[in-house]
Amino acid sequence: MRMSHLFGRTLREAPGDVELISHQLMVRAGMVRPLGAGIFSLLPLGWRVVRKVEQVIREEMDAIGGQEMLMPVVHPADIWKESGRFYSVGPEMARFKDRNDRDMVLAMTHEEVVADLCRTEINSYRQLPQIVYHLQTKFRDEPRARGGLIRVREFTMKDSYSLDADEAGLDVSYQLHWKAYDRIFRRCGLKFIVVGADVGMMGGSASHEFMAFSPNGEDTILICSSCNYAANQEVATFRREPPVSEPQQPLEEVATPNTPTIEALAEFLGIPKSRTAKAVFYRAGSGRFIFAVIRGDLEVNETKLRKIVQEGTLIPATAEEIRGIGAEPGYGSPVGVKEATIVVDESVRDTPNLVAGANKPGYHLKNVNLGRDYQADFVADIASAEDGFPCPNCGEPMRAERAIEVGNIFKLGTRYSESLGARYLDAEGKEHPIVMGSYGIGSGRVAATIVEQRHDERGILWPYEVAPFHVSLVSLAKESTDETAQAADRLYADLQAAGVEVLYDDRVDQSAGVKFADADLIGNPLRVTVSPRTLKQGQVELKGRSESEATLVPLADAVSAIQAKLAAIAAADRAAAGLEA
RNA sequence: CGGGGUGUGGCGCAGUUGGUAGCGCGCGGCGUUUGGGACGCUGAGGUCGGAGGUUCGAGUCCUCUCACCCCGACCA
């Protein structure tokens, strides 16, 4: 590609409202342009990257026996009604009616379509197992798009679906995907970790996320470096202290003016926060009032809480709602409240004689004890694991890190095959629901995440495998027809003939500085400079994007020297990623 | 949806007590330049997000509205 004709220009400055470095660099490099909130066009350079990411995905999916296909973006709502998600998924699913007033949806994922296909395509255990996948547009009307390309509303996802006869088969398919994903993200040059995760709206029995480290990540993960425990904070557990054994003391009301927070209360009474009980109030999607009680030194994990009470959404309750159940904001406790589902964290069960609110302003109760002073509907783990908390397996302190979720694998089980009636006959002629798994990777997100992890002050450092081009060929010719230009033209043609992907900066109206700056910004792994200065000695200059020094090679051998250099760069990438040569 | 912020040529910005819109970059032309974002001359490009209002007069003040960004509940 000649840069003089490349569609999409580079920018010296990023638009003012762009914050994330990946977003800035991809906009400046002329790879993406926004159309609306969370909606982007991929320009030729960006599209090349995404296509290469997708090519890596295809190769690794095919390697585990995946069969590529293509399912529609627009679905009749019927299948979503059959699975129940038409009703359970909120406004993030875009819905509309066709001209005949039929409900339609824009696909946000494809479990329903796969299950629907299985009804007719899969009848016998002999056809199992299967892995099918496609790369298709998804639309999710996110409450808030953010972070440039990291979180968008319209995106392309590789989603694959495993179809198995039983759980053991699903385990195999799950492991195959795990391995494929591991290779995909390594080949993309990402530093990542696999963590246990919440199943969310997908449902199912197990889920893991592939998390790429980034301070700009939206997720927090907890990692134990001594035993390799790793989990999304949403589901992370931690080793609890042994229960405190202490005789129960009589309940006692104390005046505690101006202590609506745990901090203020602990300071006023001169006790540690761990001797207080914190009350957190939610209004659930079903309308139920959820009253969570946790020790003052811990935080409520809403994902865990949602799962315990089996509610899709929890919204912090208003002061009026809190008073409506007989509690008092800032001075609340479960003692004496009614018409609320009370969920107590294990920490509160295991610590007697806590200080809790008296449900009137300015007063607390001392020596509050579960079972004696109030009853719980659930006693469970609803505490959030934080940086430094002890690992649930080995007790060593864990560290919290931010990360971007680049891939997710789910064991769905029979949730969709049962609701849509996707069944097969076993060897005995008995009918069973197909056991499904579902597995997703957002290709644009992967590209943006690579930029988050691999950039310097000048621009992007693409790994060889997904770089838009292998080589930035920079011509410093003064005229488009002089000897330098002719030499560069010839090298461009020779490299293309040799199968090297070249972005040829043939512009004669730009200074050397502009061309070098653009080459660094765009971030192809190798820069080749053809200039009058080196041409005099019959040489051209090679410089790896991550190298500080250039080397000179004879023009006559340039193609083979470039190929050798590219092979070395590719090999170095693979070695750094822990992949075989 | 709650909270905060921004809308002025393609990009980055300025615009005073309300007085008829400017700078840098970029873009076109001509010339001089050419190894790390060159220089001169010249030219094009703006219903100041939109609507309504106040005023002799609105980019500026008021009301409404739209869009976008950031922080919170969701996810590839």
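The values are calculated or read from the model by the stated rules, or taken from the named source; none is laboratory data. These numbers come from a predicted model, not from an experiment. Note: ideal-geometry Cβ built from the backbone for every residue, glycine included; neighbour counts use all protein chains shown.
In table form, for the structure just shown:
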item	result
The stretch A:443-459 residues that are closer than 10 Å to A:I150 by Cα, paired with ones that are away from RNA strand B (no atom under 13 Å from the Cβ) (beta carbon under 6 Å, 6 or more apart)	A:A447/A:V49
Hits in the stretch A:63-82 - residues which are assigned to a strand (DSSP E or B) and either among the acidic types (D, E) or more than 12 Å from A:Y161 (Cα to Cα) (or both)	A:E68, A:V74, A:H75, A:P76
Residue within the stretch A:471-488 that is within 17 Å of A:R9 (Cα to Cα), modelled with pLDDT of 95 or more, within 10 Å of RNA strand B (Cβ to nearest atom) and not assigned by TED's automatic domain parsing to the domain that holds A:S207 present	yes
Filter result (of a type in the set (D, E) and within 16 Å of RNA strand B (Cβ to nearest atom)) within the stretch A:493-510	A:D505, A:D506, A:D509
The stretch A:69-84: number of residues that are in contact with a Ser or Thr (Cβ under 9 Å, 6 or more places away or on another chain) and either in the same structural domain as A:F139 (by TED's automatic domain parsing) or within 16 Å of RNA strand B (Cβ to nearest atom) (or both)	3
Qualifying residues in the stretch A:413-437 (those that are outside any helix (DSSP H, G or I) and either crowded, with 24+ Cβ neighbours inside 10 Å or among the acidic types (D, E) (or both)) - the one nearest to RNA strand B (Cβ to nearest atom)	A:G437
Which numbered condition A:D509 fails, given (1) in a loop (DSSP other than H, G, I, E, B); (2) touching a strand residue (DSSP E or B) at 6+ places or on another chain (Cβ under 8 Å)	(2)
Test: residue in the stretch A:37-53 that is over 24 Å from the mean Cα position of the chain (by Cα), in a loop (DSSP other than H, G, I, E, B) and more than 16 Å from RNA strand B (Cβ to nearest atom)	no
Residues being closer than 30 Å to A:R9 by Cβ and either modelled with pLDDT under 95 or buried (at least 16 other Cβ atoms within 10 Å of the Cβ) (or both) - total across the stretch A:52-73	5
Unmet criterion (only one of (1) touching a Lys or Arg at 6+ places or on another chain (Cβ under 9 Å); (2) within 9 Å of RNA strand B (Cβ to nearest atom); (3) part of a helix (DSSP H, G or I); (4) not acidic (D, E)) for A:G444	(1)
One residue from A:V355, A:V379, A:V406 being assigned to a strand (DSSP E or B), buried (at least 18 other Cβ atoms within 10 Å of the Cβ) and without any contact (Cβ under 8 Å) to a residue 60 or more places away in the chain	A:V379
Count - residues of the stretch A:74-90 that are among the hydrophobic types (A, V, I, L, M, F, W, C) and surrounded by fewer than 15 Cβ atoms within 10 Å (Cβ to Cβ)	1
Qualifying position, being away from RNA strand B (no atom under 15 Å from the Cβ) and more than 22 Å from A:L190 (Cα to Cα), among A:G90, A:G65	A:G65
Members of the stretch A:96-113 found to be of a type outside the set (K, R), more than 23 Å from the chain's Cα centre (by Cα) and part of a strand (DSSP E or B), listed by number	A:F96, A:D103, A:M104, A:V105
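For (1) part of a strand (DSSP E or B); (2) within 11 Å of RNA strand B (Cβ to nearest atom); (3) under 22 Å from A:Q55 (Cα atoms), each residue gets a yes or a no:
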position	(1), (2), (3)
A:K158	yes, yes, yes
A:D182	no, no, yes
A:R186	no, no, yes
A:A231	yes, no, no
A:V235	no, no, no
